[in-house]
Amino acid sequence: MTAESPRRRLGLALLPIMIFTGLALVFWKGLSGNPSNLPSALIGKPAPNFSLSALEGSSIPGLASADLKTGGVSVVNIWASWCGPCRLEHPILMELSRRTDIRLYGINNKDNPENARRFLGTLGQPFAAIGADANGRTTIDWGSYGVPETFIVDGEGMIRFKWIGPLSPEIMAGTFAGEIEKAKQPLP
């Protein structure tokens, strides 16, 4: 039996550390930055075709893709009662619902209807309509990564902008307000 050289043993000992460091760098690069900058293949394309029933036990109407083709700008928020960031952004949605130049719609994702109604009863009900997406299929069709996510849809039903994560006053005053104004203009 021959003895391994000290250099070879050192190389073998360092191999796991080098692999771990390489993977850590790859993950750090992929997870760093602004999550709202994740690409969306649906920008500039029609909103998915869907028809969602109303939230069970609620008088608020359900939501369908036809509702987004009314000639005005729509804002579609994907939310759930179990989502902590959804609770944080809810005051922003209440403010947004007061605007007369847009219609605010909600897609309730994989939620218990009773919990969703309690959430809205406690924090306020900002939506013109809410579609209950019990199995999450419509949310996937929208290209959603999770909740909350908010889309701006123009009057022709084309997705013009996507925001991943909770809305904040700063986002509303800057990026989001500008994107609503852009959505009011026809596509070139």
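If the condition is being among the hydrophobic types (A, V, I, L, M, F, W, C), touching a helix residue (DSSP H, G or I) at 6+ places or on another chain (Cβ under 9 Å) and not in a helix (DSSP H, G or I), then region 113-158 contributes Phe127, Ala128, Ala129, Ile130, Ala132, Ala134, Val147, Ile152, Val153, Met158. Kindly check whether there is at least one residue in region 95-109 that is touching a Lys or Arg at 6+ places or on another chain (Cβ under 6 Å) and of a type in the set (Gly, Ala, Ser). Scanning region 95-109 turns up no residue that is touching a Lys or Arg at 6+ places or on another chain (Cβ under 6 Å) and of a type in the set (Gly, Ala, Ser). With respect to Lys162, determine if the residue is buried (at least 18 other Cβ atoms within 10 Å of the Cβ) and basic (Lys, Arg). Spelling it out, Lys162 is indeed buried (at least 18 other Cβ atoms within 10 Å of the Cβ) and basic (Lys, Arg).
Residues in region 141-151 that are surrounded by fewer than 23 Cβ atoms within 10 Å (Cβ to Cβ) and at pLDDT 95 or above: Asp141, Trp142. The condition of being assigned to a strand (DSSP E or B) and either on the phi > 0 side of the Ramachandran plot or within 20 Å of the chain's Cα centre (by Cα) (or both) holds for only one of Ile78, Ile92, that being Ile78. In region 104-131, the qualifying residues are those that are hydrophobic (A, V, I, L, M, F, W, C) and within 21 Å of Thr70 (Cβ to Cβ), and the one that is surrounded by the fewest Cβ atoms within 10 Å (Cβ to Cβ) is Ala128.
The values are calculated or read from the model by the stated rules, or taken from the named source; none is laboratory data. Being a predicted model, the structure only gives us computed values, none of them experimental. In this analysis, Cβ positions are derived from the backbone assuming ideal geometry, glycine residues included, and neighbour counts consider all displayed protein chains.
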